[in-house]
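The values are calculated or read from the model by the stated rules, or taken from the named source; none is laboratory data. None of these values were measured; they are calculated from a predicted model. Cβ: placed from backbone, ideal geometry, glycine included. Neighbour counts: every protein chain shown.
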Ligand SMILES: Cc1cc2nc3c(=O)[nH]c(=O)nc-3n(C[C@H](O)[C@H](O)[C@H](O)COP(=O)(O)O)c2cc1C
């Protein structure tokens, strides 16, 4: 009997759908049965976003508040491999991804099953992965591989272009000056190479070397300045989220968070990075390497 793979994911723009298609094509070509499921939310976050709604989801993302998913059907009660496609929102698993990983129907099929996660972020995915990995570990599934795709342009540039994309729905060059937002088109096509690596491991039913094979293919890369900024930002986001969640009238607080974010990125982050470069980084090389390794590995 042919081995069965479930590829389940959420996407707003369709980007994660394209990535899943690219990843699973070699698995299909190798003769395995691949079931693709794109989940939908009951209250969809209308895409393209409005400026006001975009920031308003921050507290629920950071505080892991789940939302209702439209009923979905899985054809099988057991799979040989489950691939989960997700994306970070506000340095956390997106609300749909967090809702999915805790959904009883998925939790049921995850039991005892090898899992590969694939994320497509702007460029800050570490904290979302850490939390998503924990959610998977809380089920009895076994995380065997992780792929983290990012927009490779400079942080301030992708910060501008992602807003253009998210607020207009157009994955195009803003003003014809900025680069295209999101994951590079060629990189999405090249995701097929990870699918081929998965296929090799499926044949042998041996998963222990998958993450090393992925790492040799640059499936995960850690950029130190971004890791540093994200490490600080996640603590501050948690404080904002708790403050905003307690307010009856959230709108002014969300607006304040929005302005904070712009100032933090364009003013605070460069200053912190310079201070870190002088006073911390030169003296804590080993600790930094250990931290990078923590995000590269699966547990
Ligand atoms: C509300 C919101 C918050 C986001 N926050 C982050 C983030 O913290 N880090 C990051 O790298 N990307 C972030 N992104 C980009 C997403 O991870 C993702 O790349 C983009 O939304 C496209 O995903 P899609 O397949 O759902 O269209 C955010 C996107 C949205 C809509």
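Assorted remarks:
- Of all residues in the stretch 1-46 being without any contact (Cβ under 8 Å) to a residue 40 or more places away in the chain and part of a strand (DSSP E or B), the one that is nearest to the ligand (Cβ to nearest atom): 38
- Cβ-Cβ distances below 9 Å connect the following pairs, each with a first residue in the stretch 52-73 that is more than 16 Å from residue 88 (Cα to Cα), a second residue that is within 12 Å of the ligand (Cβ to nearest atom) and modelled with pLDDT under 95, and a separation of six or more residues or different chains: 53/45; 53/46; 70/44.
- In the stretch 108-149, the residues that are within 16 Å of the chain's Cα centre (by Cα) and part of a helix (DSSP H, G or I): 126, 127, 128, 129, 130, 131, 132, 133, 134, 135, 136
- Of all residues in the stretch 255-269, those that are within 17 Å of residue 244 (Cβ to Cβ) have Cβ atoms under 6 Å from Cβ atoms of residues that are surrounded by 15 or more Cβ atoms within 10 Å (Cβ to Cβ) and at pLDDT 95 or above, 6 or more apart or on another chain, in 257/240; 258/55.
- In the stretch 83-95, the residue that is nearest to residue 13 (Cα to Cα) out of those that are more than 9 Å from the chain's Cα centre (by Cα) and more than 8 Å from the ligand (Cβ to nearest atom) is 95.
- Only one of 157, 162 that is assigned to a helix (DSSP H, G or I), surrounded by fewer than 17 Cβ atoms within 10 Å (Cβ to Cβ) and either modelled with pLDDT under 95 or outside the structural domain of residue 270 (by TED's automatic domain parsing) (or both): 157
- Per-region count, the stretch 202-224, residues at pLDDT 95 or above, assigned to a helix (DSSP H, G or I) and over 28 Å from residue 14 (Cα atoms): 2
- The stretch 233-269, residues that are closer than 18 Å to residue 53 by Cα and touching a helix residue (DSSP H, G or I) at 6+ places or on another chain (Cβ under 6 Å): 237, 240, 241, 244, 245, 247, 250, 253, 254, 257, 258
- Flag for residue 13 being farther than 26 Å from residue 185 by Cβ, assigned by TED's automatic domain parsing to the domain that holds residue 219, under 21 Å from the mean Cα position of the chain (by Cα) and surrounded by 15 or more Cβ atoms within 10 Å (Cβ to Cβ): no
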